[in-house]
Each structure stands twice: as structure tokens, then as C-alpha cells.
1. Tell me, how many Å apart are the Cα centres for the stretch 81-134 and for the stretch 269-342?
2. Rounded to a whole number, what is D in µm²/s for the stretch 166-242 from Stokes-Einstein with the Kirkwood radius over alpha-carbon pairs (37 °C, 0.692 mPa s)?
3. When you count, for each residue, the other Cβ atoms within 10 Å and take the mean per peptide, how do 297-307, 27-37, 194-204 rank with the highest first?
4. Among Y238, Y353, which comes first, second and so on when ranked by fewest other beta-carbon atoms within 10 Å?
Amino acid sequence: MNLSAYLPRRWTLLQKRVFQEICFLFFLTWSGLISLLLVGRLLQLRELFLHQQVSTLDIVRLFVFLSPFFLFMLIPVACLLSIFLVFLRMSNDRELIALKSGGVSLYQILPAPIIFSLSASVLALLISLGGISWGFDNFRRTALELAHSKTQMVLQPGIFHKDFPGLTIYAKNVDADQRLRQVFVEDQTRSEITAVIVAPVGYVVTEPREGRILFALEHGRIYRMQRNAITELRFDSYLVRLDLDQLLMGISQRDPRPKEMSWRELRSWSTMPDLVEVRGEEFANRVAVEIQKRWVVPAACLILGLLAIPLALAFEGLKRQYALILIMGVFFVFYGMFSTGIVIAELGIVPAYLPLWGQMLFFGAIAGLGIWFAARERGVRIGEWVAHFQIRFLNKAG
């Protein structure tokens, strides 16, 4: 794919090549990071894969619906790494020195990383305003459909099934219409009570609006064991809720959490005058934090992209693997401050915008000052410090 056709005509050949190299490293970095995350999710879903007989196509569908959320969170770090690696290579190869001797300053190279960072910010903003909720909504619907169909398949006669956390289900026979006969259920979902349910008939009920799957039993008995005492209850109809939240990666199958909502839903909740009374202070704080986060993360793409430039020049002379360790350390500091700001805002200690946007202004100022000093060759030279330290250490050792 020729990216030059989509770039401004006034761009120099240097700016186009820098932009293309950043794009290549961005997609390479992003694909590597999202692969690691998907492998982690794959391990979390191992119970679903092993017991529920989910096909490869179904797995791909679930991961596609989760990808907007992953992409939204990974764009900033991918921006940081891609721009950092490009300028680190140019610095170590002495290309920046050669360009400066030819009359090309650092400011003349900046349009490429700035335009790229702005493009990444726009992409992150589009995902935050609509893509995240689209992915979670489709994931919930698909997971519910899969869980219902696979549950019907898994509940085979004459086998004790422990596919759902805290439940053991046994049926002596299964009719052609998927009704279970002579059903035994052991319910250990509550730590203080163990219930044994025996019923002649049972079947699976789906509630799409509530995002729930229920195991319905008719004309049976419940034996509850609590504190060395056993109580017996008779019932005409009894419902056991199958816990899909634990089985399907902890994503809520009922009311969406703020991080799973669309921008319209978040704004609707935030403008509700009695939100604290209706849903509680904790929910109101999380809505306020999520609204700010939907804008802060796109802004972080630009800020981290600019911050990568002076950091790459500061690490000049270091091997790439060591420089990557240091730049990831910088990102972990950034992410740690970001997470701390979210916790503080969710606790209601300060308004949500203050810690999140305050951090962006802080790192933005560092990025601006770093570029200003680097353009005047007055920036910090961490690579030179490390080289001098190695020389002194070797001399003393010798």
C-alpha cells in the first residue's frame, strides 16, 4: 500500500518516509500487543472453550467484538513506541546529525509525527464515542446466543455437568424438545448455604432483555444445608440463574457498566438530576470518570507521540532493547499516574477532570520543553551518561 498518495503534496520526501516508517511500526506494535491481550483472554475463556464446544468461528466473532476496546486502550502506547523507535533509529544512525548539517532542523521533521499522532487521536476518539459500546453490545448478544445453544448441547443425559461456576447439574434423560427428566442440581453459588434440588422436569429459559439464561425446574424439592441443619421445601416452579458473568470473561450480561456504554448513554446518565439517589454515588463517579476518559485517551495519543521524540534523542547511543525497557518504564509511570487519577476520581475525592487532564497537561509540558531543548541540542543525554558510566566501570575493573 502506497501511503504517499494520501499525504499532503507539500510534504517533503523526508516527511513522507518518516510518516510511512511510523505507520509500519505502529501496526507492527499494535498487532503484537493485541495478540498478547487476546492470548490472555483466550486463557480466561478456557472453560468456555473446553466445556461448551464453541467453534473457532464463534471465538473469532467474540474477539472481533472485543477488539474496539483493546484497540482504544492500545493506540496511545503504540503511538509512543512507533514514533520512539523511528527517531531512535534516526538518532543512532546519525541521520539527524546529517540532516542538521544539511540545513534541516528538528522542527522540519515534526509534521510527520504530529499528523500521525493527530490521526491516531481521531481514530481513538471515533472508537471511544461509538466503537466500544458497539463491540460490547454485540459481544453480550453473541455470548448469550452461544451460551443458550451450547448449554442445550452440553446438558447430556447421565452425566454430571460442572460447566457453570458453583453448579452441578445431572439429568437422567433428555427429550427431543430439550426437556430434561429426573433432574438433580447442587447449588453452591452462596458460600453459607448448599442447596440440593430434585425435580422431575427441567429446561433452559433465555431472557434476552435481561441478558440472562435460567435453568427452570418444575414440581420438585429443595434440600438446604446450613449450620448442620437440613430444611426441605416443595415448589411448583423454581429458577436457577446460570452465571454467565464469570463464564464469559467477567463482562456484565445485565446492566452495562460505564466503560461498556456508548457516549449517548453516558451523557444521558450524567444529565440525570437524581443519579446519585437512583444508582448511588459510586456509579455516578464512574460515569463522570468514563466521560473524561473517552476524551483523555485520544489526547494521550498526541501527547505520548510528541513525548517520544525528545526521549528517543535522550536515549541516543543505547541499544534498542535497553531503550525499549526504559521507554516502557516511562509508559508505566504514565499509566500508573493515569490509573491513580481514575481511582481518586471514582472515590469522589476530586472532580474527574482534574487528575486526568492535569496529567495530560503535565506530560504535554514535558513533551513541549523536551522538543524545544532537543532542537537546540540542550536536551538530556541519558545514552551518553550510560556510556560514560560503562567506561568508568570498565576502567576501575581493569
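1. 19 Å
2. After rounding, the answer is 253 µm²/s.
3. Averaged packing, sorted descending, gives the order 297-307, 194-204, 27-37.
4. Y353, Y238
Since every read-out is calculated from the coordinates, none of them should be taken as a lab result. The structure presented is a predicted model; accordingly, all values stated were derived computationally and were not measured. With ideal geometry, Cβ positions are generated from the backbone for all residues, glycine too; neighbour counts draw on all protein chains shown.
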